[in-house]
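Worksheet for the structure shown next.
Taken together, the values in this text are just the output of simple stated rules run on the coordinates, not laboratory data. Computed from a predicted structure; not experimentally measured. All Cβ positions, even for glycine, are placed from backbone atoms using ideal geometry, and neighbour counts span all protein chains on display.
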Amino acid sequence: MGKEEKAKVYKMVKKKDFTWRYQTPVDSDRATMLSYIQNESLHPFQNKTVMIMTALNAYYTALALYNEGSYSRETLELIFLDSVKAIANHLKYVSIAIKVDERAVTDVLCTVFGGLDTRKTQQEKPFDYSTELPPPDQNDESSDSNLQAWNLAGMTTDSETFD
């Protein structure tokens, strides 16, 4: 497909228009958060739309598609697990950025999902390295302290624009 054909197809695609206005007291935590999102010098690899859509995708996409009703359970599960991974990556990023022990984050998550007792029992047992598989997606990037280099999203948006 040539450049002109792609331009024609792009022009023909209908767009979902979403307008939102939010005002909060200037001295509030929410104002600080919104200022952070708007300040692209603090996160030069992501503009505010990408940051907002990444968070919304991780938090709401699986539920929205479930509610729409035309996706299979298997597809919804894959989308949901992609969301979980995106949220987990973000939690890891924030725990490194603000220096929170990852074990504390893990304890909170295990408590929510009812697995804290199992996790503590597993910690007390010595690992059997002969049968233990390496954790998935472990690479040199996970120990990289350059937080800007991390791809936190793990998710993409489709061709809709929300600017």
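Only Lys, Arg, Asp and Glu carry charge here, each on its Cβ (+1 for the first two, -1 for the last two); on that basis the range 1-111 has a dipole of about 520 debye about its Cα centre.
Which of rounded, prolate, oblate describes the range 21-72, given a ≥ b ≥ c as roots of the alpha-carbon gyration tensor eigenvalues and a/c under 1.5 marking rounded, otherwise prolate only if a/b is larger than b/c?
On the way: a/c = 4.10, a/b = 1.89, b/c = 2.17.
Since a/c reaches 1.5 but b/c is at least a/b, the shape of the range 21-72 is classed as oblate.
I'd like the FRET efficiency for GLU77 and ILE98, computed as 1/(1 + (r/R0)^6) with the beta carbon distance as r and R0 of 22 Å, rounded to 0.05.
Values: r = 32 Å, r/R0 = 1.43.
Result of the calculation: an efficiency of 0.10.
Residues VAL13, VAL94, ranked from the fewest to the most other C-beta atoms within 10 Å, line up as VAL13, VAL94.
The slack between ILE52 and VAL112, meaning 0.36 nm per residue of separation minus the straight C-alpha distance, is 19.1 nm.
Shown in residue order for the range 79-92 are the 3J(HN,Hα) couplings computed by the Karplus curve 6.51 cos²θ - 1.76 cosθ + 1.60 at θ = phi - 60°: 5, 4, 5, 5, 5, 4, 5, 4, 5, 4, 4, 5, 4, 5 Hz (x for Gly and Pro).
Give the order of TYR36, TYR22 when sorted by the count of other beta carbons within 10 angstrom, beginning with the fewest.
Details: TYR36 12, TYR22 6.
Ascending number of Cβ neighbours within 10 Å: TYR22, TYR36.
The label-point distance for LYS15 and LEU34, in a model that sets each label 7 Å from Cα toward Cβ, rounds to 2.3 nm. Any of LYS16/LYS85; LYS3/LYS48; LYS48/LYS85; LYS16/LYS92 with alpha carbons more than 23 Å apart? Name them for me. Distance filter (> 23 Å) returns LYS16/LYS85; LYS3/LYS48; LYS16/LYS92.
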